[in-house]
Amino acid sequence: MTLPILDLSQTHDREVWTERLARLRATASLVSPEATTVSTLIEDVRLRGDAAVVAAMQAFTDPEFHSDRIRVDPEDMKQAESQLDPTLRGAMEKAIENVTRYQQHICPTNPPNIDIAGAEVGLRFSPVASAGLLVPGGVAVLVSTLIMLAVPALAAGVRPGALAVVH
């Protein structure tokens, strides 16, 4: 697909631009049906915790989903790690290393403060305290999605929160 060159001094091109911008804004709307669903789910999880997660999973993904699938037993994690193919593990570690390096490279730094009329003025970048991550699945869980969600957060200084893998 080639991106068109729009001349905004031309009526037709302005109309094309306006229509494309409206479509783009609709995907980021805080009042869209999708945004309403997400905010409702977040509030429900805040109020009801795991029970809300189970209800959402049953409604959207798997009607047979039960709370015992929310947390993975540490022994199951150890067993899975011991069975991981070394070549795959190496590829995953290299991907994590590459994404970490790039994220650290682009992470903003605080500019020096300045004095304006006797007041010190500055800007500070601070990570959020923690983050929850949702890795969609289906036929296969996408490890690359986990890496691209978790590594930038960790590189920015966000501490791990919750991880949900929908499978």
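Numbers below:
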{"item": "Some residue of region 7-26 being under 20 Å from Gly132 (Cβ atoms) and either outside any loop (DSSP other than H, G, I, E, B) or among the small types (Gly, Ala, Ser) (or both)", "result": "no"}
{"item": "Residue check, Arg23 among the basic types (Lys, Arg), open to solvent by 100 Å² or more (accessible area, probe 1.4 Å) and farther than 29 Å from Pro152 by Cβ", "result": "no"}
{"item": "Condition met for Ala59 (open to solvent by less than 60 Å² (accessible area, probe 1.4 Å), in a helix (DSSP H, G or I), out of contact with any Pro (no Cβ under 8 Å at 6 or more places or on another chain) and farther than 29 Å from Leu8 by Cα)", "result": "no"}
{"item": "Pro108 under 29 Å from Arg25 (Cα atoms), surrounded by 12 or more Cβ atoms within 10 Å (Cβ to Cβ) and not polar (S, T, N, Q)", "result": "no"}
{"item": "Strands (runs of 3 or more DSSP E) completely within region 64-157 that count 1 or more residues being under 30 Å from Asp50 (Cα atoms)", "result": "130-135"}
{"item": "Neighbours by Cβ (under 7 Å, 6+ apart or cross-chain): first from region 50-64, under 13 Å from Val38 (Cα atoms) and hydrophobic (A, V, I, L, M, F, W, C); second open to solvent by 50 Å² or more (accessible area, probe 1.4 Å) and part of a helix (DSSP H, G or I)", "result": "Ala52/Val45; Val53/Val45; Ala56/Leu41"}
{"item": "Residue within region 35-54 that is surrounded by fewer than 11 Cβ atoms within 10 Å (Cβ to Cβ) and closer than 27 Å to Ile147 by Cα present", "result": "yes"}
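The values are calculated or read from the model by the stated rules, or taken from the named source; none is laboratory data. Note that the coordinates shown come from a computational prediction; the quantities given were computed from them, not determined experimentally. We place every Cβ from the backbone using ideal geometry, glycine too, and count neighbours over all the protein chains shown. With ligands, DNA and RNA removed, areas are computed over all heavy atoms of the protein, side chains included. Shrake-Rupley method; radii C 1.70, N 1.55, O 1.52, S 1.80 Å.
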